[in-house]
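Here is the structure we will look at.
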Amino acid sequence: MRTRSNPIYCAVDTVDLSEAAKLIRTIAEGSRPAVGGIKLGLEFFLAHGAPGVRYAFPAPVRATGVGFFLDLKLHDIPNTVAGGIRAVVELAPTFITIHASGGREMMKAAVEEAGAQAAKYNVPRPKLLGVTVLTSLDRADLEATGVSANPSDQVLRLAVLAREAGLDGAICSPHEIAALRKHCGPDFVLMVPGIRPVGSAANDQKRAMTPRQAVDLGATNLVVGRPIYQAADPRAAAEAIAREAGVNDV
Ligand code: C5P
């Protein structure tokens, strides 16, 4: 049977350094990590910076092959976003997020800088993912910012722009997977939050999907937070979610 690589990225949504380090060790250490990757976000990075990343997610744990998603959602003029990328490539993130609404030139500058810095530090080039329309914005919110398109059309427009600018993928909600997969092609990374395993609490995710549904629709990676880190046994929870997503060797 062909083995599917583990698509699950655990959102480590805490600013408590030792809690983050413990969770990461629990789910990512060992010869068979329970997750495909770890997501650290803006809050963690603003609080602890690169030293915090190195502490909570040290090289021996990285060496298990677990990915690192640095979810910074950068958005500024091209030169400044390139500077942001320059500052973090040494940490060898697998994925970094930038806002697609920052425009073509901003995205192109980020891609170019990611390539240059990866060569300098001799690390794989981080894959850049575009944030399209935040799911906290509805049609009226977009309208208030001068965007008259409906949110799903705007998501598609920004994802296509991101791909044209050289980005490797996009963040999208489960309900956008099918359209983005169709318009952005088979190799475009679709990183999808809003995932809930069968029978778990939805928390504040209003339109969640199961891991299996999301993967079947064409998701590349799934971001899962609370169902893993709030579980009594986070490692067992992550393994069960990976199995639900079709991974058969966790
Ligand atoms: O705990 P939960 O599984 O809901 O965590 C999902 C992660 O994905 C969190 O880090 C959250 O910020 C992020 N996210 C999301 N929905 C979006 C965008 C990001 O849940 N639309």
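FYI, it's all coordinate maths here, none of it is from the lab. Small disclaimer: the values here were computed from a predicted structure and weren't measured. Quick reminder, even Gly has a Cβ in these numbers, built from the backbone with ideal geometry, and neighbours come from all protein chains shown.
Values as computed for the structure displayed
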item: Stokes-Einstein D for the chain, Kirkwood Rh over Cα pairs, 37 °C, 0.692 mPa s (µm²/s); result: 179 µm²/s
item: Over segment 137-194: Rg over Rh, Cα atoms, Kirkwood Rh; result: 0.99
item: Relative contact order [Cα under 8 Å, 6+ residues apart], the chain, whole percent; result: 20 percent
item: Protection proxy ranking, peptides 142-152, 166-176, average beta carbon neighbours within 10 Å, highest first; result: 166-176, 142-152
item: Pairs beyond 27 Å (Cα-Cα), from K73/K120; K108/K206; K22/K206; result: K108/K206; K22/K206
item: Candidates A118, A59, A28: whichever shows maximal mean-square fluctuation once the chain is modelled as a Gaussian network with Cα springs under 10 Å; result: A59
item: Estimated inter-spin distance, R86 and A140, nm [label 7 Å along Cα→Cβ]; result: 4.4 nm
item: Net charge over other residues, Cβ less than 14 angstrom from the Cβ of S136 (K, R count +1; D, E count -1); result: +1
item: Hydrodynamic radius (Kirkwood) for segment 92-138, which is based on Cα pairs only, to one decimal in Å; result: 11.5 Å
item: Prolate/oblate/rounded call for segment 36-138, Cα gyration tensor, a/c under 1.5 rounded; result: oblate
item: Among A236, A214, A92, residue whose mean-square fluctuation peaks in a GNM of the chain (springs only between Cα atoms under 10 Å); result: A236
item: GNM result for the chain, Cα springs below 10 Å: residue of V35, V88, V192 fluctuating most strongly; result: V88
